[in-house]
Amino acid sequence: MKQQNYFTLKEVQLNNNCPECYSNTGLELTFKQRFVENAFYKAITEETKNEMHCKTCNTNIFPVSWTNDIEQVVAYQERAIQPKSKSFKLKKMAWFVIIADAILLIVILLFAFGVFKF
């Protein structure tokens, strides 16, 4: 089963007022990038997401409740982040399957062309 995780790219403390408690010291914006891993490969995708949390009132701030000032700061920070480049790496299990399939294909071809006889 494919497992999707996100790793943190950047955390930024914002000086904007929280839409819930109106504190200007607790807003934290976090940017995350998606990481996919299963039995055969690991991959970093280009997909990123952001989350905003207020540490003062301990609530998640969703984009619906953002003010224009917060939206401008988030847009600026989105331009400033540098996501990791897209990558793809095969695990040992994938290499084992590829090599086993190649050997099986070679054996079948050798039997089909009469090099080996049963």
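Only one of the numbered conditions (1) in a helix (DSSP H, G or I); (2) open to solvent by 90 Å² or more (accessible area, probe 1.4 Å); (3) touching a residue at least 24 places away in the same chain (Cβ under 8 Å) is violated by Ile70, and that is (2). Put simply, of Lys84, Lys42 the only residue that is exposed (fewer than 15 other Cβ atoms within 10 Å of the Cβ), in a strand (DSSP E or B) and modelled with pLDDT of 90 or more is Lys42.
Can you tell me how many residues in the range 1-20 are more than 17 Å from Val74 (Cα to Cα) and either of a type in the set (Ser, Thr, Tyr) or surrounded by 14 or more Cβ atoms within 10 Å (Cβ to Cβ) (or both)?
Number of matching residues: 2.
The one condition from (1) of a type outside the set (A, V, I, L, M); (2) open to solvent by less than 80 Å² (accessible area, probe 1.4 Å); (3) farther than 18 Å from Gln13 by Cα that Gly26 does not meet is (3). Tell me whether the range 59-66 contains one or more residues that are open to solvent by 100 Å² or more (accessible area, probe 1.4 Å) and either under 22 Å from Phe7 (Cβ atoms) or at pLDDT 90 or above (or both). Taking every residue of the range 59-66 in turn, at least one turns out to be open to solvent by 100 Å² or more (accessible area, probe 1.4 Å) and either under 22 Å from Phe7 (Cβ atoms) or at pLDDT 90 or above (or both). Contact annotation: residue pairs with Cβ atoms under 6 Å, 6 or more positions apart or on different chains, pairing a residue in the range 89-117 that is farther than 23 Å from Phe35 by Cα and surrounded by 10 or more Cβ atoms within 10 Å (Cβ to Cβ) with a partner that is at pLDDT below 90 and of a type in the set (Phe, Trp, Tyr), are Leu110/Phe116. Glu51 - would you say it is of a type in the set (Asp, Glu), assigned to a strand (DSSP E or B), modelled with pLDDT of 90 or more and open to solvent by 50 Å² or more (accessible area, probe 1.4 Å)? Considered against the rule, which asks whether it is of a type in the set (Asp, Glu), assigned to a strand (DSSP E or B), modelled with pLDDT of 90 or more and open to solvent by 50 Å² or more (accessible area, probe 1.4 Å), Glu51 comes out as yes.
Scanning the range 67-77 for residues that are over 20 Å from Leu9 (Cβ atoms) and of a type outside the set (S, T, N, Q) turns up just one, Asp69.
The values are calculated or read from the model by the stated rules, or taken from the named source; none is laboratory data. Predicted, not measured: the structure shown is a model, and the values here were computed from it. Heads up, the Cβs are rebuilt from the backbone with ideal geometry, glycines too, and the neighbour counts pull from every protein chain shown. The protein model used for the area step is the full one, side chains on, heavy atoms only, and it has no ligands, DNA or RNA in it. Shrake-Rupley method; radii C 1.70, N 1.55, O 1.52, S 1.80 Å.
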